[in-house]
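A quick write-up on the structure given underneath.
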Amino acid sequence: MLVKRARNGDMRAFEELVDRHRAVVFRVAARVVGPHDADDVSQDALLRAYHRLHSFRGEGSFRAWLLRIVHNTALNQLARRLPEPVGGSDDIERSAPPPEPGREPASRLERRERAERLELKLGGLRPEHRAVLVLRDLEGMAYDEIALITASPLGSVKGRLHRARRELIEILRNNTYDWELPHE
């Protein structure tokens, strides 16, 4: 087990754990603090994880434990700065898998523009709402895993997710030109 080897001081095992989880760590950080601060938050979170490996008890997945550290680090970063809208998704797209060959340039441009607008809209959500929305709807995590990561009761996670979705839908409805959402 990599975690056990890393806890015993095997640096290569920890490097392999980092390689396995680097993309999701960056995506979650970028969607909570924005792509410009995501590298700093990711590095800080990975460093904290390394120094706290002894506290991982194996009660949940290593991924959930690591993303809890990322979540807390990102929220701490947000608390240290004034609120600002999330920038474009250039850095997030660079960390994503390469686009499918043969896609028309216009389709790629449209997809990129939509991703940038979504990032801006996500920036309008409260940080605790944004975090659960990103973890559930963009990362596909289970509710109990999100509860572990955010250190929140399961009911609170579901409530925040419901409010976040409702808030995001309202933000999108106010800009139907971008999203072509019908009004109720």
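Do we find that residue 57 is more than 15 Å from residue 130 (Cα to Cα), free of Cβ contacts under 8 Å to residues at least 12 places away in the same chain and not acidic (Asp, Glu) in this structure?
It is true that residue 57 is more than 15 Å from residue 130 (Cα to Cα), free of Cβ contacts under 8 Å to residues at least 12 places away in the same chain and not acidic (Asp, Glu).
Could you list, in sequence order, all residues of the stretch 19-70 that are part of a loop (DSSP other than H, G, I, E, B) and under 21 Å from residue 4 (Cβ atoms)? Walk me through how you get there before you give the answer.
In the first step, residues of the stretch 19-70 are kept if they are part of a loop (DSSP other than H, G, I, E, B); the result is 34, 52, 56-61.
Passing the criteria: 52, 56, 57, 58, 59, 60, 61.
Of all the helices (runs of 4 or more DSSP H) wholly in the stretch 106-184, which have at least 2 residues that are at pLDDT 80 or above and touching a helix residue (DSSP H, G or I) at 6+ places or on another chain (Cβ under 8 Å)?
Counting at least 2 such residues, we get 127-133, 143-150, 154-173.
The values are calculated or read from the model by the stated rules, or taken from the named source; none is laboratory data. Keep in mind it's a predicted model, so treat the numbers as computed, not measured. Neighbour counts run over all protein chains shown; Cβ positions are idealised from the backbone, glycine included.
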